[in-house]
Amino acid sequence: MKEDIKKLIAKIAGGDLESLILVAERPKTYREIYSKVKERRAKGDSWPDIYTTDIYCDDPQSNEIMIRIVEEEIGGHLKDAKHLQAYTDISKELIKELEETFCWALEYRYSCFLDYMLTNGAKYQELLEVEPQDFRLPEKWKGFLQFDGKTPADKNISVGYAIIFRYSIMESSFCRPSLREIAEATEAPYSFILEAYKNFK
């Protein structure tokens, strides 16, 4: 792995805001939501109120922003959803939702980074060199990339999704390269691209 890539991963994992925004999907929207939540916290709004109004269960970006700001406030990394609940004082009845928020936040950082690498010409093998654990994810996790709602996400599923997303595989066949052309462009096994397409179609 190139040294500059290692450094960028370390910055994102360490909580550097500008490094995350560099790779983020919809960076303008990210800044807007981040600023809004920061302003609400500065005014004294509670996390339970913010969680129910500005953090959306189906939006990985807002989940990441919440985790980022909480970690800024505590001056370090959250350990897990229980740690998040204890700090924010959000109801324990919502612990499953908080587990999802925590996981989706980390997965968002990882998936954005994979897309950033693809955008900058990275190939399949280079994507595989980026470990989910670099972003504090376990080997397998239940995140927003569960294509069937049951199978845990992992590195291979995430890389497959990143390629699908970048090459707009789910669009009409008239608007994208063929699966074989995508395999050649990314230097990925054709069988891998085909499997990813089947998973997410």
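Coordinate-derived values only; no laboratory data. Worth saying up front: this structure is predicted, and the values here are computed from it rather than measured. All Cβ positions, even for glycine, are placed from backbone atoms using ideal geometry, and neighbour counts span all protein chains on display.
Dipole size in debye (nearest 20) for segment 19-140 around its Cα centre, Lys and Arg Cβ +1, Asp and Glu Cβ -1?
For segment 19-140, the charge dipole is close to 300 debye.
How big is D, in µm² s⁻¹, for the chain by Stokes-Einstein at 4 °C and 1.567 mPa s if Rh is the Kirkwood radius over C-alpha pairs? Can you show the working numbers first?
Values: Rh = 17.8 Å.
For the chosen part, D equals 73 µm²/s.
Run the count for segment 10-151, please: Lys pairs, Cα-Cα under 17 angstrom, 8 or more apart or on different chains.
Close lysine pairs found across segment 10-151: 13.
What residues have an amide H closer than 5 Å to that of GLY143, excluding those fewer than 5 places away on the same chain, when H is modeled at 1.01 Å from N in the peptide plane?
Correct list: ALA153.
Would you be so kind as to identify all helices of the chain, as entire DSSP H runs, whose Cα atoms reach 18 Å or more along the helix's own axis and whose mean Kyte-Doolittle hydropathy is at least -0.5?
60-74, 95-119
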